[in-house]
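Structure first, commentary second.
Derivation of every value follows stated rules applied to the coordinates shown; laboratory data play no part. Everything numeric in this text was worked out from a predicted model, so none of it was measured.
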Amino acid sequence: MLRPWKRKPTVSRYQEAGDVETFDDMMKNRFFKVILVAAMANVGALAGTFLSIYIIWQRLGLINPTELLKELFRR
């Protein structure tokens with residue numbers, strides 16, 4: 001049976017985070033991977049929020065978001 005293993009980032013990995021020069025070096029650093037996962041989760045939540053607002057406005061027929069954006073950028 002396969003079991004996933006958790007590896008916590010160490011202080012030395014945190015200190016090495018400032019010394020990385022390439023993306024490959026960053027992907028080898030466990031501390032950077034933790035930060036990357038948190039950042040991508042935030043980006044996904046942000047995209048989902050704006051997409052859901054757009055869909056909800058269209059379904060409820062409140063304001064056409066496309067026309068609202070045109071009015072805002074016309075000024």
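Structural remarks
- For K28, the aspartates and glutamates whose Cα comes closer than 16 Å to its Cα, not counting residues fewer than 8 places off in the same chain, are E16, D19.
- Counted residue by residue at 0.36 nm each, then reduced by the alpha carbon distance between them, the extension gain from T49 to E21 reaches 6.7 nm.
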